Structure formats: C-alpha cells, structure tokens
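Student: There's a structure below that I have some questions on.
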C-alpha cells in the first residue's frame, strides 16, 4: 500500500511495527484525494464505476470481510 498510510497505522496501533514493502511507494493520485472530494463524489454520484456483476460480488465479499474485522 501507499506509504502515506503508515503514519496513521502507527498512531492507531503504536505497539506494532509497520514495515513498508517498498519504502518509496508513493501514489501521486492518492495525494489528490480529499474528504471533500469524496463527499461531493458520493453526494452527486460523480465518477460512477461499473463492473461486471461477478467482479462486484467478489469485491463486495472482500469489503464486507474488511468491515466485519473493524
């Protein structure tokens, strides 16, 4: 994952050590995402992504499993 998340993970779980797979894994596009942009995208249904139902089902299962973990 993008190394920018390591700071947040370290704050949330200070007893753990997080080691990036690739220390220079920086995503310039992730840096452009803001809470306001996410909010407006959801509110106005911008940037709708359509995928085949089979792909959606697999993705939904993965997301539900992540949410269940907390």
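The values are calculated or read from the model by the stated rules, or taken from the named source; none is laboratory data. Everything numeric in this text was worked out from a predicted model, so none of it was measured. Note: ideal-geometry Cβ built from the backbone for every residue, glycine included; neighbour counts use all protein chains shown.
Student: Taking segment 1-31 on its own, how many of its residues are assigned to a loop (DSSP other than H, G, I, E, B) and out of contact with any helix residue (DSSP H, G or I) (no Cβ under 8 Å at 6 or more places or on another chain)?
Tutor: 16
Let's see how each residue does on (1) touching a strand residue (DSSP E or B) at 6+ places or on another chain (Cβ under 6 Å); (2) loosely packed, with under 10 Cβ neighbours inside 10 Å; (3) at pLDDT 90 or above:
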| residue | (1), (2), (3) |
| --- | --- |
| 4 | no, no, no |
| 17 | no, yes, yes |
| 28 | no, yes, no |
| 31 | no, no, no |
| 40 | no, no, yes |
| 49 | no, yes, no |
| 54 | no, yes, yes |
| 59 | no, no, yes |
| 68 | no, yes, yes |
